Structures are given as C-alpha cells and as structure tokens.
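Enquirer: Handing you a structure now.
The values are calculated or read from the model by the stated rules, or taken from the named source; none is laboratory data. The model shown is predicted, which means the values in this text are computed figures rather than measured ones. Using ideal geometry, Cβ is built from the backbone for each residue, glycine included, and neighbour counts are taken over all protein chains shown. For the accessible areas, the whole protein counts, side chains as well, though only heavy atoms, and no ligand, DNA or RNA atoms are used. Shrake-Rupley method; radii C 1.70, N 1.55, O 1.52, S 1.80 Å.
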Amino acid sequence: MRALPLAALALAGALLTHCRHGAVTEGAPAASPPVEPLELSAPRGLQDRRLEQLRVSANGTLLFTRWALPDAVFDYRVVHLPEGAEVWSWRGSLRNDLWLLALSPDGTAGFVFLPLGPEAPFVIFRVSGAPIPMTEVEFTGGAWASGGGWFGGSSGAYNADGTLRGGPVPDWQKVRDELFMAGTRPGTLRYVHAGNAMEWDGRSPPGVAGPWRCASQLEQHRLSSKEPARFSPDGRYIAWALSASGALTVCDGESGQELEVAPSASPAAWTDDRHLWWLDDGALTGMNVLTRERMPRIPLPDGGRAVTLAASTQPPALFAGTSTGRLFRIPLPPSE
C-alpha cells in the first residue's frame, strides 16, 4: 500500500449555528478548518463502497476502516497512516455483530475479536511484528491503557505481547467491558462500576478515583457495539443514544445531568475533554458540552456526505468517511 498523500482543501467559513440547548457566543462566523482528503490505496472491490465505521488511535496514526460490500460482506482493515502500511485486515461475513476492536492510544498496536466460531481467538495486531493470536485465554474485551503497554477488561489484563498481566477485577461479572477507557495517569485504565470511576494498573487491585453519577441513567440506555458509547478523554462525560428516542445525549459524570445534543443517534467523537462532534445531515458539527457553545458546522468538499466519524486527541483532528468510500481528515486547533 503506498503512502498517503494529503492535499489540503481550504473551505470557506461556515455559519455559526444557534444551539437550541444553550447560549452561543455571538460574533463573526469562524472559518472552517481545512479538510484534507486521505487517499488510501483501496484494495480491489472497495472503490466507491460505503464506509460503515471509522476508528482512530488517540495520536491519530492508526486508522481502522470497515467497508460494506455486497451480500452482507464487510472488509475490516487497520492502516498505519504515517507509512500507509496495512497492519491487519479481514474480509467476510460474521455470525453476528458482536465483534470487538480497540486501538492502543499510542498507535502501535490493537486487539480484535471476530465471532467466526467457538474457537475464534482474540488477535493482537502490531505496527512492528506479526499478529499474536490469544488462544486459551478468558479475555472478554476492554480497552488499552494509557501509553499502550497493556490492555484489560473485567476478565483480566494482558501485556502488549499477549502475556498475562493480572486477573479479573473485583465483582468482574457485573463490570461492563465497554465501560473501560484509557486512564488519566500513565499506564492505567479507568472504568465505571457501581457509581464510581475506578483506576487500575492491571496488577494491583483497582482504586476508587471518584464518584460517577451517570450510573442510574446508564442502566436505562442502550450501548451499541456498532456505535458504542464514547467517553471524553478525562472520563467525566459519556455520549450515548437514548434507548427510547434515539437522541444523542451527553451525561456529566460529576453532576449526573443529561444534555440532548442531537435529536437522533449519530456517530460521535471527542477531540478533547469538552468538545464532542457528531454528524448532521452529512456535515460535521460539535459542541463544547461545558459551555454548550456550538462549533462551526464543517461541510465536506464537493457535496460529500459523511456517514461515519472518528477523532484523535493528540493532535486533535476529525476523520470522516462517506457512503462513496471517500476519507477526510480535518485537523483542529488545540482548545484553550
């Protein structure tokens, strides 16, 4: 796969839209950031196909794409963007939609599980080195720790080379793997359980980092494997779709208050601790969830309509994919 040329296309300023959920700072419209096409060398059969999902490592170097092909076939692949090198790929039909994939924050590795049958293992893929199948393990899913040296979930922790790091967390059968995230301290994971945010180094028992007051709401709302709930990098906020109305909603773990940011479910991504972005009629829009100030709407060039979204945080950038297989990267200035 060839390297990725990035051609910056400067767009005209977008109008600052009014936020129905709070005050918007008045003033001259802000200019939209540049939108850069990502011209991946798509394998045969992917040209012009719908991009079903995007995920990107926190540092923006490892990109996961899922493409929709005919006859319920999907193409899964992970690319290391600096070299344009393929790190891992698979194509086929799955027995169900319970597949799992997570990228390390430092963009050096990831793990994937595909429900292909009773013997299907987790696989660790790496930027340098061959993939590592994890056979005869009890791992059920989770997230990578900050720094990327290990990963873990309710059922245990493993080093990046697949060796066992530590056993299950306390009360592990009631802890939800989808509620794990990179910790705020180096080499740690965080997860939420029983009304608390827990911090874990993968070896010693987890400690309480503080209360998390969205626990009762969490029990009422769905957590989709296709568009999972998204935590802000500091773990304070979580974005999810309401099970009743489908509205994209943010809950503040400090206060327990909920804020509807969009009337319908949408792929969502955080670019820092306060700024959440989502899709609105094919364009990208966002909000500072602390001040409730809306960000300038970002359209894609040539009338492109975004159908999926991901974001890196260091540096902050948005990644958008279209129904015709086009990829874009939108670098954002650091927030003040």
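Enquirer: Identify the residues of segment 287-321 with backbone N under 20 Å of a label point that sits 7 angstrom from the Cα of E39 along the Cα-to-Cβ direction, or state none.
Expert: Only 300-305, 319-321 pass the distance filter.
Enquirer: Per DSSP H run of at least 4 residues, take -39500 (n - 2.57); add these up for the chain, divide by its residues and hand me the 222 nm value, nearest 500 deg cm²/dmol. Could the numbers behind the result be given before it?
Expert: Details: 1 runs with 4 residues, N = 336.
Calculated mean residue ellipticity at 222 nm is 0 deg cm²/dmol.
Enquirer: On a full-extension model of 0.36 nm per residue, what is the gain between R176 and A120, subtracting their alpha-carbon distance, rounded to one decimal in nm? All intermediate terms of the calculation are to be shown ahead of the outcome.
Expert: On the way: separation 56, 0.36 × 56 = 20.16 nm, distance 2.11 nm.
Taking R176 through A120 to full extension adds about 18.0 nm, to one decimal.
Enquirer: Using θ = phi - 60° and the Karplus curve 6.51 cos²θ - 1.76 cosθ + 1.60, what whole-Hz ³J(HN,Hα) does each residue of segment 237-253 get, with Gly and Pro shown as x?
Expert: Couplings: 9, 9, 10, 8, 9, 5, 5, 7, 9, x, 5, 6, 10, 10, 10, 8, x Hz.
Enquirer: Using 0.36 nm per residue of separation minus the Cα-Cα distance, give me the extension gain between Q217 and E260 in nm, one decimal. Don't jump to the answer; show the numbers that get you there.
Expert: Details: separation 43, 0.36 × 43 = 15.48 nm, distance 1.33 nm.
Extra length from Q217 to E260 when fully extended: 14.2 nm.
Enquirer: What figure in square angstrom, to the nearest 10, would you give for the accessible area of R326 with a 1.4 Å probe?
Expert: Using a 1.4 Å probe on the heavy atoms, I get roughly 90 Å².
Enquirer: Using a Förster radius of 30 Å, what is the FRET efficiency between S89 and E138 based on their Cβ-Cβ separation? Nearest 0.05, please.
Expert: Working: r = 27 Å, r/R0 = 0.89.
After rounding to 0.05, the efficiency reads 0.65.
Enquirer: Let me ask something additional. Using 0.36 nm per residue of separation minus the Cα-Cα distance, give me the extension gain between D161 and D48 in nm, one decimal. Don't skip to the answer; put the middle values down first.
Expert: Details: separation 113, 0.36 × 113 = 40.68 nm, distance 3.64 nm.
Stretched fully, the D161-D48 segment lengthens by 37.0 nm.
Enquirer: Ok, one more. Taking segment 198-269, how much of its Cα-Cα pair set, in percent, is spaced more than 21 angstrom apart?
Expert: On the way: 725 of 2556 pairs.
The proportion of pairs with Cα distances above 21 Å equals 28 percent.
Enquirer: When the solvent-accessible surface of protein heavy atoms is calculated with a 1.4 angstrom probe, in what order do L94, L62, L164, L81 fall, highest first?
Expert: Descending accessible area places them as L164, L94, L81, L62.
Enquirer: Also, quick follow-up: Rounded, prolate or oblate: which fits segment 191-331 when a ≥ b ≥ c are the square roots of the eigenvalues of the alpha-carbon gyration tensor, with rounded for a/c under 1.5 and prolate only if a/b beats b/c? Display every interim value, and only then the final one.
Expert: Details: a/c = 2.03, a/b = 1.68, b/c = 1.21.
It is prolate, given that a/c is not under 1.5 and a/b is the larger ratio.
Enquirer: Label-point separation (nm) for V73 and T324, each offset 7 Å from Cα along Cα-to-Cβ?
Expert: It works out to 2.4 nm between the two label points.
Enquirer: Another one. Over segment 83-242, what is the mean sequence separation of C-alpha contacts under 8 Å (at least six apart), divided by residue count, expressed as relative contact order in percent?
Expert: Details: 334 pairs, mean separation 22.7, N = 160.
It rounds to 14 percent for segment 83-242.
Enquirer: Using a simple charge model, +1 on the beta-carbon of Lys and Arg, -1 on the beta-carbon of Asp and Glu, nothing else, what dipole does the chain show about its Cα centre, in debye to the nearest 20?
Expert: Taking the Cα centre of the chain as origin, the dipole is about 320 debye.
Enquirer: Related question: Rg(Cα) of segment 96-199 divided by 2.2 N^0.38 Å? Mind showing how you got there, number by number?
Expert: Details: Rg = 13.1 Å, N = 104, 2.2 N^0.38 = 12.8 Å.
Here the Cα radius of gyration is 1.02 times the empirical estimate.
Enquirer: Hey, any idea what % of the chain's accessible area is carbon plus sulfur with a 1.4 Å probe?
Expert: Working: 7710 of 14910 Å².
Answer for the chain: carbon and sulfur cover 52 percent of the accessible area.
Enquirer: Set Lys and Arg Cβ to +1 and Asp and Glu Cβ to -1, take the dipole of the chain about its Cα centre, and tell me which of F328, W212, A58 lies farthest positive.
Expert: Value: F328.
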